[in-house]
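> This structure is in C-alpha cells; I'll ask about it shortly.
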Amino acid sequence: MSKPRSTTLAAAVLLAASLSACGQGGGGGAGGNAGDPDLPLAGSQWTVGAVTVDGDRAQAPEGARVGFTGKGRAQGSTGCNHFGAAVTVAGTTVTVSPDEVTEMACPDDRQRFETAFLAAFTGPLKGTLTDGALTLVSADGARKVELAAEPSLPLRGTTWKIDGLVSGDTAASLPAGGGEKARFVIGTDGRITGNLGCNDFTATARLDEKARTLTVEGPAATTRMMCGSPQMELETKLYELLDGPLSYRLDHRTLTLTDSAGEGLTAQAADPAQ
C-alpha cells in the first residue's frame with residue numbers, strides 16, 4: 001500500500017527552507033563568480049553516494065541516482081521513489097526545484113534517506129566537478145549531495161533488477177518481501193533468463209532496437225518451486241506480462257517495459273557484485 005507523500009515532501013521542503021534561512025545572514029549565494037563557465041551537466045548521469053543535512057551524513061541506498069536531461073530537468077531515484085525537478089545552471093550555481101515524486105511505500109531506512117535527499121537536493125547549490133565526482137553544497141554548508149559519474153549500460157548483457165510495477169502513469173512498489181530475487185538478463189543470443197520472484201525462467205526474446213520493442217516468443221519455461229504468497233503474486237504478474245510484445249525505454253541504468261495496455265515493470269541495473 002502506498003504511503004501519503006505530502007508528509008514526506010512537506011518535511012523535506014520545510015527542513016531545506018529552514019537550513020537555507022540559517023545561512024543567509026551574510027552576503028553572497030551558493031554560486032561562484034558571474035564569469036564562471038556553466039557546469040557541463042546536460043546529459044550526465046550520477047550515482048548518489050551520500051547526502052548531508054545539518055551535519056548528519058547518510059549513505060545512499062542502492063539505486064539512488066540523478067540524471068540531468070539538458071532540458072532544464074533532473075530525474076532519478078532516491079533509492080525508494082522516482083523524482084523529477086526543474087534545474088537551472090548559472091556558472092557553478094545549480095538551482096534545483098523538486099516538483100514530482102512517485103508514491104511507493106518503502107522500508108523505513110530508505111524513507112528516511114529519501115527525506116534527507118529531498119531536503120539536500122533543493123535550492124541554490126554550489127557545484128564542484130573533480131575527476132568523475134560532483135559535489136553540490138548549499139551556501140551555508142549545511143546541505144551537501146555527493147555524486148559519482150556512472151557509465152551508460154547496454155540493454156543486452158546487463159542484469160536488470162526488477163524494482164517496481166507500472167500501470168499507465170502510476171508506479172507501485174513490488175509486493176512486500178516478493179522482489180529480492182526478481183531480475184533478468186537479455187543475452188546476445190536472443191535468450192532472456194532470470195528469476196520471476198520465486199522461480200528461475202528462460203525464454204526466447206526478439207529485440208527490435210529501432211522500434212524499441214521486445215517480444216517474448218512463446219511461454220517462458222520455469223522451474224517448479226513453491227514460494228510464499230508475495231513471491232508467487234509477483235511471479236504470476238511478471239509471467240503474464242512477459243507473454244507477448246513489450247515496448248521498452250532505456251534511460252541510462254533504468255529500464256521500463258510496458259505492454260499495449262500500459263502495464264509493465266521498471267528495473268535498475270544491478271551492481272556487478274550482485
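> Looking at this structure, is T159 touching a strand residue (DSSP E or B) at 6+ places or on another chain (Cβ under 6 Å) and within 14 Å of T266 (Cα to Cα)? Full working, then the answer.
Values: touching a strand residue (DSSP E or B) at 6+ places or on another chain (Cβ under 6 Å): yes; within 14 Å of T266 (Cα to Cα): yes.
Against the criterion (touching a strand residue (DSSP E or B) at 6+ places or on another chain (Cβ under 6 Å) and within 14 Å of T266 (Cα to Cα)), T159 qualifies.
> So for the stretch 160-167 (the condition being part of a loop (DSSP other than H, G, I, E, B) and in contact (Cβ under 8 Å) with a residue 60 or more places away in the chain), does at least one residue qualify? Break it down into steps so the answer makes sense when it comes.
Pass one, the stretch 160-167, residues part of a loop (DSSP other than H, G, I, E, B): none.
No: zero hits.
> Taking D56 as the residue in question, decide whether it is modelled with pLDDT of 50 or more and open to solvent by 60 Å² or more (accessible area, probe 1.4 Å). Outline the logic, then answer.
Values: modelled with pLDDT of 50 or more: yes; open to solvent by 60 Å² or more (accessible area, probe 1.4 Å): yes.
Judged against the criteria, D56 is a match.
> Oh, and also: At least 1 residues that are modelled with pLDDT of 90 or more in each: list the strands (runs of 3 or more DSSP E) lying fully within the stretch 169-274 that qualify.
Details: elements: 170-172, 183-186, 191-195, 200-208, 213-222, 245-251, 254-258, 263-269.
The strands (runs of 3 or more DSSP E) meeting that bar are 183-186, 191-195, 200-208, 213-222, 245-251, 254-258, 263-269.
> Among A74, A90, A171, which is open to solvent by less than 40 Å² (accessible area, probe 1.4 Å), out of contact with any helix residue (DSSP H, G or I) (no Cβ under 9 Å at 6 or more places or on another chain) and either on the phi > 0 side of the Ramachandran plot or free of Cβ contacts under 8 Å to residues at least 60 places away in the same chain (or both)?
On the way: A90 fails: open to solvent by less than 40 Å² (accessible area, probe 1.4 Å); A171 fails: either on the phi > 0 side of the Ramachandran plot or free of Cβ contacts under 8 Å to residues at least 60 places away in the same chain (or both).
Among A74, A90, A171, only A74 is open to solvent by less than 40 Å² (accessible area, probe 1.4 Å), out of contact with any helix residue (DSSP H, G or I) (no Cβ under 9 Å at 6 or more places or on another chain) and either on the phi > 0 side of the Ramachandran plot or free of Cβ contacts under 8 Å to residues at least 60 places away in the same chain (or both).
> Having 1 or more residues that are within 14 Å of the chain's Cα centre (by Cα) is the bar; report the strands (runs of 3 or more DSSP E) wholly within the stretch 67-150 that clear it. Show your work before the answer.
Values: elements: 73-78, 82-90, 93-101, 123-130, 133-137, 143-149.
By residue number, 73-78, 82-90, 93-101, 143-149.
> With (1) open to solvent by less than 30 Å² (accessible area, probe 1.4 Å); (2) out of contact with any helix residue (DSSP H, G or I) (no Cβ under 9 Å at 6 or more places or on another chain) as the list, and E103 as the residue in question, which single condition is left unmet?
(1)
> Further question on the same structure: If the requirement is being more than 23 Å from V101 (Cα to Cα) and either open to solvent by 20 Å² or more (accessible area, probe 1.4 Å) or at pLDDT 95 or above (or both), which of these qualifies: L136, L147, L129, L125? Reasoning before the result, please.
Details: L136 fails: more than 23 Å from V101 (Cα to Cα); L147 fails: more than 23 Å from V101 (Cα to Cα); L125 fails: more than 23 Å from V101 (Cα to Cα).
The unique qualifying residue is L129.
The values are calculated or read from the model by the stated rules, or taken from the named source; none is laboratory data. What you are looking at is a predicted structure, and each value in this text was computed from that prediction instead of being measured. Every residue, glycine as well, gets a Cβ built from its backbone with ideal geometry; the counts of neighbours run over all protein chains shown. Just the protein is used for accessible areas: all its heavy atoms, side chains included, with ligands, DNA and RNA removed. Shrake-Rupley method; radii C 1.70, N 1.55, O 1.52, S 1.80 Å.
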